[in-house]
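K.L.:
Take this structure first; my questions come after.
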Amino acid sequence: MIARSEATPPRSANGDNAKNENANNENANNENANDENAKNENANDENGRVGATRFVLRPPSVQAGLKAPATMKPPKFEYHAPKSLEEALAALGRYGGDAKVLAGGQSLMPLLNFRLARPAALVDLNRIASLAYIREQDGQIRFGAMTRQRTIEFSSVVAQRLPLLKEATRWVGHLPIRTRGTIGGSIAHADPSAEYPAVLAALEGEVVARGAKGERVIRAADLFQTYLTTTLAPDEILTEVRLPAMPAGAGYALEEFARRHGDFAIIGIAALVVREGQRCKLARLATAGAGPVPVRLRAAEEILEREGLGDAAVEAAARRATELVNPDADIHASADYRRHLTGVLTKRALTRAIGVARG
Amino acid sequence: MADIVTVRLKVNGVAHEGRCEPRKLLVDFIREDLGLTGTHVGCEHGICGACTIMFNGEAARSCIMLAVQADGAELETVEGLMREGKLHPLQEAFREHHGLQCGFCTPGMLMTALDFLRTNPAPNDREIREGISAVLCRCTGYQGIINAVRAAAPTLAAER
């Protein structure tokens, strides 16, 4: 343990050591700080703590005698914090693909801390107030890209119109992640294990991208390319996420398996069913963690739409689901185990969704 | 583009100003530039939760935020919890129920629990476990922490 005892005399005793003397001279600010500590320590002594040894931990940079405290994890970058989308697009355009857009930062900042990402610049969207909203329009719920996951978690519009999204949000990271994390950031980051891309796929949502050439709408099916990769151009910013309001009475469920709640899903299944008695008017199933992009389990959906919502149909759909995915193995789970989980969780999600469906 | 940015912010009600590179992490700024070492640096990539602070009234991980992003913000750190020389009721509950052992995760646990209880004033144990899973503790086995949060909930709810 690196500690500094109160009893260590500050400057004078180091005088006979030339190296230390130099370090101390370069470090005038620190010396002052130490002197102040010395005063405080004396005061403590007057309070009857004579001879008590107090250990004070100092940050590593201070221990190393640096002139200014300067612990740095991320690599150097130019930093832009525009107040409008237009300024952000202009800043992004200047770097020709070498800049990264910073939304909630809950995925990008760790990549920077590890120096796995080394962008020339960051364009921080956090000061663009106009990018945070939830609106109902044309049968869709439209989210500004910078709408925080925590806002979505407590939104009454989301609770009424998109209960599947509300349920999924509880699975996104942890509370202190969701206070910063955004819907646009999560979808643009395109982690295949993340919940929001799966919900976007299940609900057949779309996103709006703005670039120098204007605005375009991208359907969920056309957005995700592979791991952490979307069809967004380097000079485009995802500005809005549009999800069609779920039909009233629709059944829904998000089932997920992770080692701890809040970890990325080993497998997650988003399910939506619209029922008419025992008939299934519409079924939607999408995966998280079962491949490089969210997978729509269309052939499994068709079994339900054809055969209804009985146990046998659910069983058959779950079996079919395992054949529709081609998951990878990683440190968390083998490919076989992921395929197995896809079936188990599809059955669970459908059973629960059917249980809450009305109509 | 300036290499050094000025960051003005309030921490525990006190105005501070500092100058740093834009890449400086908020937690390092709090500890090194402001000298508030109560907030701990653990994993440095947003997993362990030791660095959790209140950012404009909401729990957030200060190791995956930039100091420059806190310009104009109001923060609360563990140093701001004590009132008139007395422990905050949540801290008191942690002490009473063995909610800490080595204390490394405690600042993050406290700030996370504070936001958790603010938005869920009467949680059940499953919800407490889910809330607390945001922060890693390697000593207590969590049960003491869960007991502390459960015990503090009515006190904090009554104060509101």
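Each reported figure results from applying straightforward, stated rules to the coordinates on display, with no laboratory input. Keep in mind that what you see is a predicted model, and the values were worked out from it rather than measured. Backbone-built Cβ (ideal geometry, glycine too); neighbour counts: all protein chains shown.
K.L.:
Under the 0.36 nm per residue contour assumption, what length would be gained going from the current alpha-carbon distance of residue A:215 and residue A:344 to full extension?
P.N.:
So the extension gain works out to 42.4 nm.
K.L.:
Oh, and also: Calculate for the protein assembly as shown the 222 nm mean residue ellipticity that helices alone would give, adding -39,500 (n - 2.57) per DSSP H run of length 4 or more and normalising by residue count, nearest 500 deg cm²/dmol.
P.N.:
Roughly -10000 deg cm²/dmol at 222 nm, from the helical runs in the protein assembly as shown.
K.L.:
Using only alpha carbon pairs under 8 Å that are at least six residues apart, calculate the relative contact order of region B:89-159 and give it in whole percent.
P.N.:
It comes to 52 percent, rounded to a whole number.
K.L.:
Mind checking the mean number of beta-carbon atoms from other chains within 10 Å of the Cβ atoms in A:107-119?
P.N.:
Counting Cβ atoms of other protein chains within 10 Å of each residue's Cβ and averaging gives 3.
K.L.:
Just to be sure I understand the model, the point goes 7 Å from the Cα along the line to the Cβ. What's the resulting residue A:233 to residue A:328 distance in nm?
P.N.:
2.8 nm
K.L.:
A further question on this structure: Place +1 on the Cβ of every Lys and Arg and -1 on the Cβ of every Asp and Glu in region A:66-167, take the dipole about the Cα centre, and give the residue among A:77, A:145, A:103 whose Cα lies farthest towards its positive end.
P.N.:
About the Cα centre, the residue reaching furthest to the positive side is A:77.
K.L.:
Related question: Have a look at A:176, A:214, A:230 and report the one farthest towards the positive end of the charge dipole of region A:155-286, computed about the Cα centre with Cβ charges (Lys/Arg +1, Asp/Glu -1).
P.N.:
A:176
K.L.:
Which of the GluC sites (Glu not before Pro) found in region B:1-83 are loop residues per DSSP with 12 or fewer other Cβ atoms within 10 Å of their Cβ?
P.N.:
Here no loop site has a sparse enough neighbourhood.
K.L.:
Taking the dipole about the Cα centre of region A:274-359, with the C-beta of Lys and Arg at +1 and of Asp and Glu at -1, give me whichever of A:283, A:317, A:303 is farthest to the positive side.
P.N.:
A:283
K.L.:
Now for a separate question. Let me have the relative contact order for chain B, percent, based on Cα pairs under 8 Å that are six or more residues apart.
P.N.:
23 percent
K.L.:
Provide the gained length on full extension for the span residue A:336 to residue A:245, in nm with one decimal, where the gain is 0.36 nm per separating residue minus the Cα-Cα distance.
P.N.:
Computed gain between residue A:336 and residue A:245 is 29.2 nm.
K.L.:
Write down Rg/Rh for chain B, rounded to two decimals, with Rg from the C-alpha atoms and Rh from the Kirkwood relation over Cα pairs.
P.N.:
0.99
K.L.:
Report the paramagnetic label zone for residue A:204: residues of region A:285-317 whose backbone N is under 20 Å from a point 7 Å from Cα along the Cα-to-Cβ axis.
P.N.:
Taking a point 7 Å out along Cα→Cβ of residue A:204, the residues of region A:285-317 whose backbone N falls under 20 Å are A:285-288, A:294-309.
K.L.:
Obtain the nm distance between the two label points defined at residue B:118 and residue A:312 by a simple spin-label model: each point lies 7 Å from its Cα along the Cα-to-C-beta direction.
P.N.:
5.6 nm
K.L.:
Determine the dipole magnitude for region B:17-76: charges of +1 sit on the beta-carbon of Lys and Arg, -1 on that of Asp and Glu, nothing else is charged, the reference point is the Cα centre, and the result goes in debye to the nearest 20.
P.N.:
Taking the Cα centre of region B:17-76 as origin, the dipole is about 180 debye.
K.L.:
May I pose another question? Take the protein assembly as shown, compute every pairwise Cα distance, and split them into 20 Å bins from 0; I just need the percent in each bin.
P.N.:
Reading upward from the zero bin: 21, 49, 25, 5, 0.
K.L.:
So for each of A:203-213, B:118-128, A:289-299 I average, over its residues, the number of other beta carbons within 10 Å; can you give me the resulting order with the highest mean first?
P.N.:
So the peptides A:203-213, B:118-128, A:289-299, ranked by packing, come out A:289-299, A:203-213, B:118-128.
K.L.:
Which of the pairs A:73/B:10; B:24/B:86; A:76/A:166; A:83/B:10; A:73/A:166 have their Cα atoms more than 31 Å apart in this structure?
P.N.:
Pairs exceeding the cut-off: B:24/B:86; A:76/A:166; A:73/A:166.
K.L.:
How large is the dipole of region B:50-107 about the Cα centre if only Lys and Arg carry +1 and Asp and Glu carry -1, each at its Cβ, rounded to the nearest 20 debye?
P.N.:
For region B:50-107, the charge dipole is close to 180 debye.
K.L.:
Here's something else I'd like to know. Provide the FRET efficiency to the nearest 0.05 for the residue A:156-residue A:115 pair, computing r from the beta carbons and using R0 = 45 Å.
P.N.:
Given R0 = 45 Å and the Cβ-Cβ separation, E is 0.60.
K.L.:
Mean separation of Cα pairs under 8 Å and 6+ residues apart, divided by the residue count of region A:72-246: what relative contact order is that in percent?
P.N.:
Answer for region A:72-246 is 23 percent.
K.L.:
Place a +1 charge on the Cβ of each Lys and Arg in the protein assembly as shown and a -1 charge on the Cβ of each Asp and Glu, then give the dipole magnitude about the Cα centre in debye, rounded to the nearest 20.
P.N.:
1020 debye
K.L.:
Provide the net charge surrounding residue A:301, with neighbours chosen by a C-beta distance below 10 Å and charges set as Lys +1, Arg +1, Asp -1, Glu -1.
P.N.:
So the environment of residue A:301 carries a net charge of +3.
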